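Okay, so here's the structure we're looking at.
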Amino acid sequence: MLFLILLLPELLVAENLFQNPGFESTSGWLCNSCTGSLSPDKHGGSHSYKVTGRQHDWAGASQDLHLAAGHTYYFKVHVKILNTVDGKQYHDVQTMLDIVDNNGNHKYDTPGSTKFITPGQWHLVGGDYHIPGNTKSVRFYVQIPEDGVNYLIDDGELTQVQTLSQFASDADKRIDHLRKADLKISLSGSANPSGIKVEVQQTRSEFGWGSAVNVNYIQDSIHKKYQDFFYDLFEWAVLENALKWPGLEHSKGNFQPGNALNAVNSMLAKGIKVRGHNIFWGGSNVVPSWQKSMSGSELKPLLEKHIGDMAKTFRGKFQHWDVENENIHLHFYEDRLRDPHITEWIFREIHRLDPGTQRYLNDYSIVSGGQSAMAYVDQGMHFKSAGVPVSGMGIQSHLGGNVDISVIKRRLDEVAKVGYPIWITELDINQGDNHRKAQHYEDVMRLYFSHPAVKGVMFWGFWDQRHWRPQAALANGNNVTPNEAGKRVQQLLKHTWRTNESHNISHDQTVSIRAFKGSYKLLVHHNGKVIHTENFSVGQAGNTLKVNLSGTGSNPHVDKVLIG
């Protein structure tokens, strides 16, 4: 019941501002430079709206809207394209806005688009958009860049993004519910001495906190300060670039994973959990250069071999694989092989060869911008319904200087509806003002830590001298000195969201602690001297420790600790 109360604002259904959103009639919708009619082929309800005879790329279903300037809105529709043109195997579908300002000037912009849509299936298209302050009128429409493509549209949704007025306090309540559990400690046994104190030290967080690292800097002893900062703060790692195919195989057939493997093994030996980033990255400018002129028939066996090489080399090393990086944006292999389902095949192959490692999607502009979240939701839903062995969804989270927590949370909530676990895989905030950057990092980390779907957060680097966006760094200079943002992150991860407590205890009392979930060490002290240590964990159900004492009042010892 408490959980429902904490999440009640998110459970409330916002008003749908589209007129006739279910397309049960043609009311409210205009087919602009096309022909519109009702169709029994529907996504929901009894009908959809069929659009044919499109004469321009912008031609399609449209509606005039009454929206408040200065507010952010979420636009969603379901679209099924009925054909392709110009020999293409898929088309991009865009939600569009025609915004007219008070001077009569038109601005055409897109809340969001879904790329690579094949005919015959319903797809989700949309995104969020902030309506400018000088707006006079807004028209919504669906655009396909090629005319001649017919489509169905159904089940639209237009809602206002609500401002989170008490974000920090509400998030902290969710953190207490989601990330903590009850720990109880009591004494038993024949000895009943005074001066007993129990101390709990959290050694690891259940929630994942980590960072990308450079493959050489994390190994070479001359970069000890870089390593010290990392190992002192983080429990998870990912190699920035060393696992990407061009770095592992500069020339065809010359697969050289040794340096990456050494780095991974060195971190594993220190107790770090590692993500594997990535097996494939299907952009024409990021695939190995020796592949760019190859045909599909030449590429397919190379894909199969690379999956085998990666599985054989790194099996059992990683917690997660980023299987096909940025796939809602990049389709090199789909295009070259003329196979829109090649990524699904890739997921199945790596699952077959390395079933013990979880398999993640990973993409950008999901929370940092409004145009791609719905496309990502659409991909996740389609993979799930097709039985593709996806374990979770990665959200990169490369943020700019202005951070709107309300909008980011709404985008995150949309992705969470797919039902997969979420990892924030590449967090950085490009802000030159260190005070603002520190506050932005705290706000965003609190949002992610308080969200029930998010299981971990990876920073995309931490040091300004090894960072693709130096202003986003947590530490600066040759000594890897934490800046204000770095100190804020250290405070949160090592103190605020960590449980380390000491309590005096006697036979007639029980120590109760609301503890963050994770791994712990119990230390039993007598008159300031440690007389016993015991490892334990705190999970969803919490834990109970019963310390059995024997001996004398002046010389007690712990026989055993009953756990659970």
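The values are calculated or read from the model by the stated rules, or taken from the named source; none is laboratory data. What you see is a predicted model; the values in this text were computed from it and never measured. Every residue, glycine as well, gets a Cβ built from its backbone with ideal geometry; the counts of neighbours run over all protein chains shown. The protein model used for the area step is the full one, side chains on, heavy atoms only, and it has no ligands, DNA or RNA in it. Shrake-Rupley method; radii C 1.70, N 1.55, O 1.52, S 1.80 Å.
Numbers at a glance
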item: Kirkwood estimate for segment 304-393, i.e. one over the average of 1/r between Cα atoms, Å; result: 13.7
item: Global form of segment 364-456, assessed from the alpha-carbon gyration tensor, a/c cut-off 1.5; result: prolate
item: Rounded to the nearest 10 Å², the accessible area of residue 98 at probe 1.4 Å; result: 30
item: Heavy-atom accessible area order for 447, 124, largest first, 1.4 Å probe; result: 124, 447
item: MRE, 222 nm, helices only [DSSP H, n ≥ 4, -39500 (n - 2.57), over the chain, to nearest 500]; result: -7000 deg cm²/dmol
item: Sequence of 445, 381 when ordered by accessible area, the most exposed leading, probe 1.4 angstrom; result: 381, 445
item: Whole-number D in µm² s⁻¹ for segment 383-509, Kirkwood Cα-pair radius fed into Stokes-Einstein, 4 °C, 1.567 mPa s; result: 79
item: Base-10 log of normalised Debye intensity for segment 274-333 (one unit scatterer per alpha-carbon) at q = 0.18, 0.19, 0.21, 0.24 Å⁻¹; result: -0.68, -0.75, -0.89, -1.07
item: Residue 562 accessible area, 1.4 Å probe, all protein chains in place, Å² to nearest 10; result: 90
item: Sites matching trypsin sites (Lys or Arg not before Pro) across segment 415-453 that sit in DSSP coil, with at most 16 neighbouring C-beta atoms within 10 Å; result: 417
item: Neighbour cut-off at most 16 other Cβ (10 Å), DSSP loop, trypsin sites (Lys or Arg not before Pro), segment 328-366; result: 338
item: Cα-based shape type of the chain, given that a ≥ b ≥ c are square roots of the gyration tensor eigenvalues and the cut on a/c is 1.5; result: prolate
item: Taking segment 203-307 and dividing mean pair separation by its residue count, relative contact order in percent (alpha carbons under 8 Å, at least six apart); result: 27
item: Farthest positive-ward along segment 485-564 dipole, Cα basis, beta-carbon charges - from 526, 540, 503; result: 540
item: Segment 453-458 - phi-based ³J(HN,Hα) in whole Hz, Karplus 6.51/-1.76/1.60, Gly and Pro as x; result: 7, 8, 10, x, 9, 10
item: Gyration tensor verdict on segment 160-274 (Cα atoms; rounded if a/c is under 1.5, prolate if a/b is larger than b/c, oblate otherwise); result: oblate
item: Which listed pairs, of 312/437; 487/517; 384/455; 292/312, have C-alpha distances above 30 Å, in listed order; result: 312/437
item: Relative contact order of the chain, defined on C-alpha pairs under 8 angstrom at six or more residues apart (%); result: 17
item: Average Cα contact separation per residue, segment 366-426, under 8 Å, 6 or more apart, as relative contact order %; result: 49
item: Phi to ³J(HN,Hα) by Karplus 6.51 cos²θ - 1.76 cosθ + 1.60 over segment 556-564, Hz, x for Gly, Pro; result: x, 9, 9, 6, 6, 10, 7, 10, x
